Amino acid sequence: MSQATRLSIATLFACAALPSVAVAQPAREEPRALYEEGRVLARSGDYDEAARRFSAAYLVQPSPLYLQSYAMARQAVNRLGEAARAHRRLLRDHLDAPRDVVERSRRQLEALRAELDLVQVTIDSPTGDDGLLLDGTRVTVHTDGTVMVSPGRHIFALRRGDGVVATSAIDAVAGGASRVTLTPPTSTAEADSMADAELRTEEPSVPISAIDTGAAPPARGPEVWESPWLWIGVGLLVVIGVGIAVGVAVSGEQAYEGSLTPGHLRF
């Protein structure tokens, strides 16, 4: 990481106020509080935890300030591919952000390009159900069909429905322009072999699905309506339920008093 980049990251998190990138006061205080916690963590050098706070804030309120803060936090720990993908998302989804925010991400992305591989991803016979995995974690392809990755070995996989149907490994290089083609199998035997495919080449990144990735769709379990035990249970519950219903009618309805907090994202 260049000295200029380190200075930019330190300046971003050290500022007591950032009037030029201020966002409108959110309807809920929660995202701003998460963002402030992230800044404190970043100033203390705990960039991984800071990134988690910024990602949680972005999930609640997709502000370019939170997105850029996440990108800079990932740069600080040399997770350059994740940082670049976040900067690209800002330039794609938040062009109405304050001008200096857009320009900062543009400059950072230009600097990162020389250190990353710009991988062109092609999917044969694509469907609306497709999802792209990078080293076992779902990522979003940019509008030009590319994904920026750090140098080293990476595994791209095509997820379709409940499973992986194609994989391709590359050895990415700094400043490279690699190409990946994912071709779904044409036979049952080929499809079955994908079940044991190795998808990960490195430790999983900070969970950040709302920014960099999307959570993989859960596997579909058996339909509960198909179970004969359901209907046996229904018969028993009808008998028991008569007595319970009387108690509920007397006691009246009680409102739920719990609270929900935003979870960490699995981009």
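The values are calculated or read from the model by the stated rules, or taken from the named source; none is laboratory data. Just so it is clear, the model here is predicted, and its values are computed rather than measured. Methodologically, a virtual Cβ is constructed for each residue, glycine included, from the backbone with ideal geometry; neighbour enumeration extends over all protein chains shown.
Observations, loosely collected:
- Matching residues in region 28-61 - criterion: being over 20 Å from Pro98 (Cα atoms) and either in a loop (DSSP other than H, G, I, E, B) or modelled with pLDDT under 55 (or both): Arg28, Glu29, Ser44, Gly45, Asp46
- When residues of region 171-185 are limited to those that are in contact with a Lys or Arg (Cβ under 9 Å, 6 or more places away or on another chain) and part of a loop (DSSP other than H, G, I, E, B), the one modelled with the highest pLDDT: Gly175
- Residue ID - nearest to Ile155 (Cα to Cα), chosen from residues in region 78-100 that are in contact with a strand residue (DSSP E or B) (Cβ under 7 Å, 6 or more places away or on another chain) and not charged (D, E, K, R): Gly81
- Inspection of region 83-98 finds a residue satisfying the criterion of being of a type outside the set (Ser, Thr, Tyr), surrounded by 22 or more Cβ atoms within 10 Å (Cβ to Cβ), modelled with pLDDT of 95 or more and within 19 Å of Leu41 (Cα to Cα).
- Each residue in region 132-158 was checked for being assigned to a strand (DSSP E or B) and either in the same structural domain as Leu91 (by TED's automatic domain parsing) or surrounded by fewer than 19 Cβ atoms within 10 Å (Cβ to Cβ) (or both), and 3 of them qualify.
Let's see how each residue does on (1) out of contact with any strand residue (DSSP E or B) (no Cβ under 7 Å at 6 or more places or on another chain); (2) modelled with pLDDT of 95 or more:
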site: Val102; (1), (2): yes, yes
site: Arg106; (1), (2): yes, yes
site: Val121; (1), (2): no, yes
site: Pro126; (1), (2): yes, no
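- Among the numbered conditions (1) of a type outside the set (S, T, N, Q); (2) at pLDDT 95 or above; (3) in contact with a Lys or Arg (Cβ under 8 Å, 6 or more places away or on another chain), the only one that Pro207 does not meet is (2).
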